[in-house]
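J.: Take this structure first; my questions come after.
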């Protein structure tokens, strides 16, 4: 009896050791494959240059400044509240005077990792997007940049803040400097997550289901578009490679994407590939906000982009992995005390 018990214990011990070695080998293989497709977020050190620090602080203030909009109610933060990981939870963002934007507002967190800005990529950089948003009909609604800047010039404290951020400029309160300052602040809004710890070599940073989801994400081919430090955001792609996207999302009038920008039929239904950082917290999904469930979005992407019917189990595992891309809200993502209006205003 004792020999039999000893034998069983030995078998279980051998089985456990073999399983552990296999899991370790699988984890190493997964990590190696992941490193070939993704890079961890590189968080820069705090600005030591006083001018750079002044620009970041000014950009933070401007990001939350609503008095520059035509109705004095809209700021950059209006469409990017922290409770939704800097997205607004709406299918399409609502801007000045309650006007609806043509597309969904993606998170501003990690936007610095994108190679272009906006779904159609018509904004070259964060700075370009910030400056041109001042004139957006459904954003800030100003008729021209001078009108927008006159609102800032009417707030006395901005004169000193812009002078510190842009020393040497004879007239520092201008729309170009607005864009530079807001862009400087947005470049600090990076959200490393458990996935970055995994990429750094900590296999235990991801649960077994998250690791299974990452493996499926790689093997299905999702990484062909969703790669790099942003897990996307670094290329353009047609939405609907294998089948028409609007038939899956239920949209009656499909957006033509970049074709409306470039006037090139080759860009029909082409959009910037979305970054999947924080995606578990930023529904609804796609450029039109047409899908509010992440599992459904994963299945739609499998069908439209890869021609694959993703099983319920695989979708659940992929969604679990995507949850590991959620990082904490940056500590500086909050408004500073607003500058007071001019006396008597």
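The values are calculated or read from the model by the stated rules, or taken from the named source; none is laboratory data. Quantities reported herein were computed from a predicted structural model and do not represent experimental measurements. A quick note on method: Cβ atoms are made from the backbone with ideal geometry, for glycine too, and the neighbour counts reach across all protein chains shown.
J.: What residue, among those in the range 79-99 that are at pLDDT 95 or above and not in a loop (DSSP other than H, G, I, E, B), is nearest to residue 64 (Cα to Cα)?
T.: That would be 79.
For every residue, the table says whether it meets (1) within 22 Å of residue 112 (Cα to Cα); (2) surrounded by fewer than 16 Cβ atoms within 10 Å (Cβ to Cβ); (3) at pLDDT below 95; (4) in contact with a helix residue (DSSP H, G or I) (Cβ under 6 Å, 6 or more places away or on another chain).
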| position | (1), (2), (3), (4) |
| --- | --- |
| 260 | no, yes, no, no |
| 266 | no, yes, no, no |
| 271 | yes, no, no, no |
| 277 | yes, no, no, no |
| 280 | yes, no, no, yes |
| 284 | yes, no, no, no |
| 323 | yes, no, no, yes |
| 331 | yes, yes, no, no |
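J.: Is there any pair linking a residue in the range 35-51 that is in contact (Cβ under 8 Å) with a residue 40 or more places away in the chain to one that is surrounded by fewer than 15 Cβ atoms within 10 Å (Cβ to Cβ) and assigned to a loop (DSSP other than H, G, I, E, B), with Cβ under 9 Å and at least six apart or on different chains, and which?
T.: Partner pairs satisfying both residue conditions: 40/200; 51/167.
J.: Taking only the range 212-255 into account, find how many residues are assigned to a loop (DSSP other than H, G, I, E, B) and either more than 22 Å from the chain's Cα centre (by Cα) or surrounded by 15 or more Cβ atoms within 10 Å (Cβ to Cβ) (or both). Break it down stepwise before answering.
T.: Applying the first criterion (assigned to a loop (DSSP other than H, G, I, E, B)) to the range 212-255 yields 221, 225-235, 239-244, 250-255.
Retained after the next criterion (residues that are either more than 22 Å from the chain's Cα centre (by Cα) or surrounded by 15 or more Cβ atoms within 10 Å (Cβ to Cβ) (or both)): 225-235, 239-244, 250-255.
Total meeting the criteria: 23.
J.: Select from the range 32-52 the residues that are over 22 Å from residue 328 (Cβ atoms) and assigned to a helix (DSSP H, G or I) and list them in ascending order.
T.: The initial filter retains those residues of the range 32-52 that are over 22 Å from residue 328 (Cβ atoms), namely 32-33, 35-37, 48-52.
32, 33, 35, 36, 37, 50, 51, 52 - these are the residues of the range 32-52 that are over 22 Å from residue 328 (Cβ atoms) and assigned to a helix (DSSP H, G or I).
J.: For the range 170-192, does any single residue satisfy the condition of being without any contact (Cβ under 8 Å) to a residue 12 or more places away in the chain, exposed (fewer than 15 other Cβ atoms within 10 Å of the Cβ) and more than 17 Å from residue 53 (Cβ to Cβ)?
T.: So far as the range 170-192 goes, yes, one or more of its residues are without any contact (Cβ under 8 Å) to a residue 12 or more places away in the chain, exposed (fewer than 15 other Cβ atoms within 10 Å of the Cβ) and more than 17 Å from residue 53 (Cβ to Cβ).
J.: Could you look through the range 139-150, keep only residues that are more than 21 Å from the chain's Cα centre (by Cα) and surrounded by 19 or more Cβ atoms within 10 Å (Cβ to Cβ), and pick out the one that is nearest to residue 108 (Cα to Cα)? Step through it out loud before you land on a result.
T.: At the first step, the residues of the range 139-150 found to be more than 21 Å from the chain's Cα centre (by Cα) are 140-150.
Imposing the further condition that a residue be surrounded by 19 or more Cβ atoms within 10 Å (Cβ to Cβ) reduces the set to 140-142, 148-149.
Working: 140: 17, 141: 20, 142: 22, 148: 22, 149: 23 Å.
Restricting to residues being more than 21 Å from the chain's Cα centre (by Cα) and surrounded by 19 or more Cβ atoms within 10 Å (Cβ to Cβ), the top hit is 140.
J.: Here is a further query. How many of the residues making up the range 56-107 are within 17 Å of residue 134 (Cα to Cα), surrounded by fewer than 16 Cβ atoms within 10 Å (Cβ to Cβ) and without any contact (Cβ under 8 Å) to a residue 40 or more places away in the chain?
T.: Residues that pass the stated criteria total 4.
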